[in-house]
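The values are calculated or read from the model by the stated rules, or taken from the named source; none is laboratory data. None of these values were measured; they are calculated from a predicted model. Neighbour counts run over all protein chains shown; Cβ positions are idealised from the backbone, glycine included. The area values use the complete protein model at the heavy-atom level, side chains included, leaving out ligands, DNA and RNA. Shrake-Rupley method; radii C 1.70, N 1.55, O 1.52, S 1.80 Å.
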Amino acid sequence: MSMEALIYNAQGKKAGTIALPERLFGEAWNASLMHQVVTSMQDNARTPVAHTKDRGEVRGGGKKPWRQKGTGRARHGSIRSPIWVGGGKAHGPRNEKQFARAIPKKMRVKALAVALSRKWKDGEIFFVDSLGLAEPKTAVALKVLGTIGAAVGAAMPGGVGRAKKTQKTLVAFSDLTPAAKKSLRNVACVEAKAVRDLNPVALLKNKYLVIENPAASIAVLEARFGAEREAGK
């Protein structure tokens, strides 16, 4: 079973239709799966930088501050105890902590299909035959996105008027060329990716998804879907 989607050209005109595979765009929403995969991907992207020294790593404290008994003061063994100023940090962040979590391949590819299906159901995926970015031109790229946004009624970057707030947009290319990447890299609310690099985190943090060259892009997604499903058996 397949679904039909409209394809637009760079001028915002209808340029045809494409059949969408149900296994990629017809999955039911699975909140539990999405939470597991997204949080795992975010953990895997963490770089442990924050680091504190414990009492065994700070300088000094080799001598007992005062004798154990008879002074009337609390007993202490080192001035580098965590309760002293300049002492070690108790239970502080450590840069050797590992946050990475394994994501089974079946879960990863299923989550991608669920995210694509949700965006398609919500009317947030649009297809364009080509953005026409033969050379790095940010103005041209924004004009095309604005034109497509106006055609589909979405507040994409580059649109005219202030009736709606510009929403973050992810543009997925069947082949992300250097020209296309340079054209969009300076636009804060636009993210450019190759279709093969699409993932649930990128889909969920952007409001709209624009897929360029739909036939080739969907072929890449289906090939990736099939390959990862086979590998996950």
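Below, the figures for the structure above:
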{"read-out": "Spans of strands (runs of 3 or more DSSP E) in segment 139-212 with at least 1 residues open to solvent by 30 Å² or more (accessible area, probe 1.4 Å) and out of contact with any Gly (no Cβ under 8 Å at 6 or more places or on another chain)", "value": "190-194"}
{"read-out": "Any hit, segment 39-51, residues being in contact (Cβ under 8 Å) with a residue 40 or more places away in the chain, in contact with a helix residue (DSSP H, G or I) (Cβ under 7 Å, 6 or more places away or on another chain) and under 22 Å from Leu221 (Cβ atoms)", "value": "yes"}
{"read-out": "Selection status of Pro65, out of contact with any Ser or Thr (no Cβ under 6 Å at 6 or more places or on another chain), within 30 Å of Ile218 (Cα to Cα), at pLDDT below 95 and not hydroxyl-bearing (Ser, Thr, Tyr)", "value": "no"}
{"read-out": "Which numbered condition Leu24 misses (of (1) surrounded by fewer than 17 Cβ atoms within 10 Å (Cβ to Cβ); (2) at pLDDT below 95)", "value": "(1)"}
{"read-out": "Which listed residue is over 20 Å from Gly88 (Cβ atoms), in contact with an Asp or Glu (Cβ under 9 Å, 6 or more places away or on another chain) and open to solvent by 60 Å² or more (accessible area, probe 1.4 Å), from Thr17, Thr47", "value": "Thr17"}
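Table: residues versus (1) open to solvent by 70 Å² or more (accessible area, probe 1.4 Å); (2) of a type in the set (Phe, Trp, Tyr); (3) without any contact (Cβ under 8 Å) to a residue 24 or more places away in the chain; (4) not in a helix (DSSP H, G or I).
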residue: Thr71; (1), (2), (3), (4): no, no, yes, yes
residue: Gly77; (1), (2), (3), (4): no, no, yes, yes
residue: Phe99; (1), (2), (3), (4): no, yes, no, yes
residue: Leu131; (1), (2), (3), (4): no, no, no, yes
